[in-house]
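Report on the structure given below.
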Amino acid sequence: GVFFGGIFQAYEEMKYIMICEIIEKIFLLSLAFVLLRLGYGLISVGILYLLSGILYCFLNIGFVYHKFLRPRYHIDWQFWSKSLKIALPLAIVALISMVYYNIDIVMLGKMKGEEVAGWYGVSYHLFFALATIPGAFLSAIFPVLSRFFMESEELLKKAFHKSFKVLVGVGIPASVGSFLLSEKIILFLFGPQYQQSIAALKIL
């Protein structure tokens, strides 16, 4: 999915990345909500992460084939070998990031049981869904910043400052709003049985 997402960046058509990520997060959040309410454990949520990743991949492929191009596949072993060696540090960072962002739920489940992990997981999924918005924005603005870096230092500064203002202008109200409305959000989406999730959402 990320590979095909690079094509959107090359064409500066970042709306397709945002569409794919929004659909994936809605799919993940809604089904996680259903599974947790039905009493399924952490393993089912882990499988759901795999399914949402597959969905994200196919959405990217579909948009690339339908809107841009039909790539031809040819294995260049020499290029692959060289690229994998160069990309190895990035792969290690990505792997560490995956562990970093998910180990807390696993540890909590082992220490306090699946019920407590479920309370925390509900809040964490909401937080992570919100966190994808600035990530999608940064992915969208990155090709423009890269082009300005080569073409004009003045335009690069203006784009950077405007991007920073947008992130702060959206991030602060979203953070404060989520904190103040956390009780209403949790009770509306998940019901009173997830009352314990309110404090976790406020902290996140």
| field | Tilt relative to the chain, helix 153-180 - C-alpha long axis, 0 to 90 degrees, to 10 | value | 10 degrees
| field | Reachable lysines, given that their alpha-carbon falls under 25 Å from the alpha-carbon of LYS110 and they are not under 8 places away in the same chain | value | LYS202
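Assuming a ≥ b ≥ c are the square roots of the Cα gyration tensor eigenvalues, decide whether the range 1-59 counts as rounded (a/c under 1.5), prolate (otherwise, with a/b larger than b/c) or oblate.
Numbers: a/c = 5.07, a/b = 2.60, b/c = 1.95.
The shape class here is prolate.
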| query | Gaussian network model of the chain, Cα springs within a sub-10 Å range: biggest mean-square fluctuation belongs to which of SER83, SER163, SER97? | reply | SER83
| ILE22, ILE185, reordered so the largest accessible area comes first (probe 1.4 Å) | ILE22, ILE185
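Based on the alpha-carbon gyration tensor of the range 1-106 and its eigenvalue square roots a ≥ b ≥ c, which shape applies: rounded if a/c is under 1.5, prolate if not and a/b is larger than b/c, or oblate? Let's see the in-between values first.
On the way: a/c = 2.48, a/b = 1.42, b/c = 1.75.
Taking the square roots of the gyration eigenvalues as a ≥ b ≥ c, the range 1-106 is oblate.
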| field | Partners for LYS67 among lysines (Cα-Cα distance below 22 Å; same-chain residues under 8 apart left out) | value | LYS15
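Give the relative contact order (percent, whole number) for the range 57-199; include only Cα pairs under 8 Å separated by 6+ residues.
Details: 37 pairs, mean separation 24.8, N = 143.
It rounds to 17 percent for the range 57-199.
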| field | Charge tally in the Cβ shell below 12 Å around PRO143, where Lys, Arg are +1 and Asp, Glu are -1, PRO143 excluded | value | -1
| field | Dipole of the chain [Lys/Arg +1, Asp/Glu -1 at C-beta], most positive-end residue of MET111, ALA94, TYR65 | value | TYR65
| task | Could you go through the range 17-32 in sequence order and give the Karplus-derived ³J(HN,Hα) for each residue, using 6.51 cos²θ - 1.76 cosθ + 1.60 with θ = phi - 60°, rounded to whole Hz, and x for Gly and Pro? | result | 5, 5, 4, 4, 5, 5, 4, 4, 5, 4, 4, 5, 5, 5, 6, 4
| query | Based on DSSP H runs of at least 4 residues, each adding -39500 (n - 2.57), what is the mean residue ellipticity at 222 nm of the chain after dividing by all its residues, to the nearest 500 deg cm²/dmol? | reply | -29500 deg cm²/dmol
| task | Would you please classify the overall shape of the range 53-129 from the alpha carbon gyration tensor, given that a ≥ b ≥ c denote the square roots of the eigenvalues, rounded means a/c under 1.5, and beyond that prolate means a/b larger than b/c while oblate covers the rest? | result | oblate
| field | 0 to 90° range, to nearest 10: angle between helix 77-112 axis and the chain longest Cα axis | value | 10 degrees
| Accessible area expressed per residue, the range 103-195, with surrounding protein chains retained (probe 1.4 Å, Å²) | 65 Å²
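Multiply the residue separation of LEU95 and LYS165 by 0.36 nm, subtract the distance between their alpha-carbon atoms, and state the gained length in nm to one decimal.
Numbers: separation 70, 0.36 × 70 = 25.20 nm, distance 3.09 nm.
Net length gain for the segment: 22.1 nm.
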| For LEU138, what accessible area in Å² do you get when you roll a 1.4 Å probe over the heavy atoms of the protein chains, rounding to the nearest 10? | 90 Å²
| message | How charged is the neighbourhood of ALA159? Take every other residue with its Cβ under 12 Å from the Cβ of ALA159, and add Lys/Arg as +1 and Asp/Glu as -1. | response | +2
| message | What do you get for the angle between helix 42-63 and the principal long axis of the chain? Use alpha-carbon atoms, 0 to 90 degrees, nearest ten. | response | 30 degrees
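Out of the total accessible area of the chain (probe 1.4 Å, heavy atoms of protein only), what percent is carbon and sulfur?
Values: 10170 of 14090 Å².
With neighbouring chains kept in place, the figure for the chain is 72 percent.
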| task | Match the structure shown to one of the listed values [x] 17.7, 59; [y] 19.8, 58; [z] 20.5, 66 of Rg and Dmax of the Cα atoms in Å, computed from it, and give that label. | result | [y]
| Could you give me the ³J(HN,Hα) list for the range 126-142, computed from phi with Karplus coefficients 6.51, -1.76, 1.60 and θ = phi - 60°, whole Hz, x at Gly and Pro? | 5, 4, 5, 4, 5, 5, 6, 5, x, x, 5, 5, 5, 5, 5, 7, 4
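The values are calculated or read from the model by the stated rules, or taken from the named source; none is laboratory data. The structure presented is a predicted model; accordingly, all values stated were derived computationally and were not measured. As a convention, Cβ positions derive from the backbone with ideal geometry for all residues, glycine included, and neighbour counts pool all protein chains shown. Only protein heavy atoms, including side chains, enter the accessible area calculation; ligands, DNA and RNA are left aside. Shrake-Rupley method; radii C 1.70, N 1.55, O 1.52, S 1.80 Å.
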